[in-house]
Amino acid sequence: MPSIFQPNLLVGKVAFVTGGGSGIGAGIARRLAEQGAKVALCGRTQEKLDAVAAEIRAAGGQCHTAACDVRQYAALEGAIEGAVAALGGLDILVNSAAGNFLAPAAQLSANGFRSVVDIDLCGTFNACRAAFKHLAAARGVVVSITAGQAHVPMPLQCHAGAAKAGIEKLTRDLALEWGPSGIRVVSVSPGPIEGTEGMSRLGGDDPKRMTKRVPLGRFGRIDEIADAVLYLVSPAASYVTGACLVVDGGTELIGAGPFLDLMSG
Ligand code: HXC
Ligand code: NAP
């Protein structure tokens, strides 16, 4: 769906998007590029990055790709430095890379728990840390994508909940420490978003039943998350830092929302 925002909000800006090769991260990258930002996409799979980059270029945008694993600090720092060299700076960092699966805590291995925390939370810290000097030079902004698991207990999601709650705390800590450097640090917490890997992994086998647990009565769309990010990186949010914008159709208002159905079978 086309953006309702005025065009060219981000001309002259450069964005680096982890997890930009698919789903919500790709949707955010497309939206930022539509608004004139030059974008760099990061993820482990070069083919996925290439496909999104081709779409962005075909629409007239400028796009750089950098395949790496956000868990590997040196590689990620190299990817960020490469993007800065290719695109001329760094104003916007979006942390959307994540891993998730359904697993009961009593059966989840230590390595399974660690893998998710490592990708989501440590990967977010790694990207923020590696981007700091560039963001400070640009008086830029960080937006990290979290999830309702950060706020309410959810069955089969203790690993993702710990990781996303950690990102939200990191967001507030960095907002405090980096405010004097002119960097805003915020997060967006999507609800269940249709057509995503997250929903295909977590959505169960009866989506209709699950939408009944969303107060607005439907799943969200990728463009609705992309527009929330666009607002936060735009001048309209110039006094917003440390905040989490929940974009979930009211799902959290009823606790675990659609995910309660996973526990009841
Ligand atoms: C239990 C699992 C598991 C599963 C993996 N593991 N899948 N445990 N149930 N379904 C365990 C493995 O057994 C292993 O532990 C450990 O996790 C690491 O697994 P690897 O496959 O070696 O890890 P890796 O290759 O690093 O892959 C990471 C991954 C994978 C998270 C496991 O699924 C991945 O790459 N995901 C990326 C894409 C993704 O998940 N997208 C969805 C994001 S959506 P042992 O002990 O055996 O060594 C999202 C939705 C939010 O976050 C909310 C929606 C509303
Ligand atoms: P997705 O398409 O699987 O997006 C995750 C991306 O992260 C993938 O492109 C993946 O690409 C990349 N990635 C995973 N591990 C990585 C690593 N170690 N290093 C670098 N990149 C890595 O899933 P999605 O559903 O769109 O989720 C996107 C974000 O939204 C996630 O933060 C998720 O937690 C959040 N979220 C989603 C929903 C939802 O309903 N879908 C709801 C709430 C929050 P590679 O595998 O190629 O690396």
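List of remarks:
- The convex hull built on the alpha-carbon positions of the chain has an orientation-averaged projected area of 13.2 nm².
- For the range 237-250, 3J(HN,Hα) computed residue by residue from phi via the Karplus equation (6.51, -1.76, 1.60; θ = phi - 60°) reads 10, 5, 10, 9, 8, x, 8, 10, 9, 8, 10, 9, x, x Hz, glycine and proline entered as x.
- At q = 0.15, 0.19, 0.25, 0.30 Å⁻¹, base-10 log of I(q)/I(0) for the range 160-203 (Debye sum, equal scatterers on each alpha carbon): -0.52, -0.68, -0.86, -1.01
- The range 31-168: C-alpha gyration tensor shape, a/c 1.5 cut-off, then a/b vs b/c: prolate
- Where Cα atoms sit under 23 Å apart: lysine pairs in the chain separated by 8 or more or lying on different chains: 5
- As a rough guide to protection, the peptides 140-152, 199-211 ranked by mean Cβ packing within 10 Å, highest first, stand as 140-152, 199-211.
- Using Cβ point charges alone (K and R +1, D and E -1), the dipole size of the range 51-207 about the Cα centre works out to roughly 400 debye.
- Inter-probe distance in nm under a simple model that places probes 7 Å from Cα toward Cβ, at ILE4 and ALA162: 4.0
- Solvent-accessible area of the range 106-238 (1.4 angstrom probe, protein heavy atoms only): carbon and sulfur portion equals 55 percent.
- If you take the Cα centroid of the range 56-84 and the Cα centroid of the range 182-196, the two points sit 20 Å apart.
- Burial order of peptide ranges 82-90, 12-20 (average beta-carbon count within 10 Å, highest first): 12-20, 82-90
- 1.4 Å probe accessible area per residue over the range 121-197, in Å²: 36
- The chymotrypsin sites (Phe, Trp or Tyr not before Pro) found in the range 162-263 that occupy coil by DSSP, while having at most 12 further C-beta atoms within 10 Å, are TYR239.
The values are calculated or read from the model by the stated rules, or taken from the named source; none is laboratory data. The model shown is predicted, which means the values in this text are computed figures rather than measured ones. Cβ sites come from the backbone with ideal geometry, for glycine too, and all protein chains shown count toward neighbours. SASA here: full protein model, heavy atoms, side chains in, ligands and nucleic acids out. Shrake-Rupley method; radii C 1.70, N 1.55, O 1.52, S 1.80 Å.
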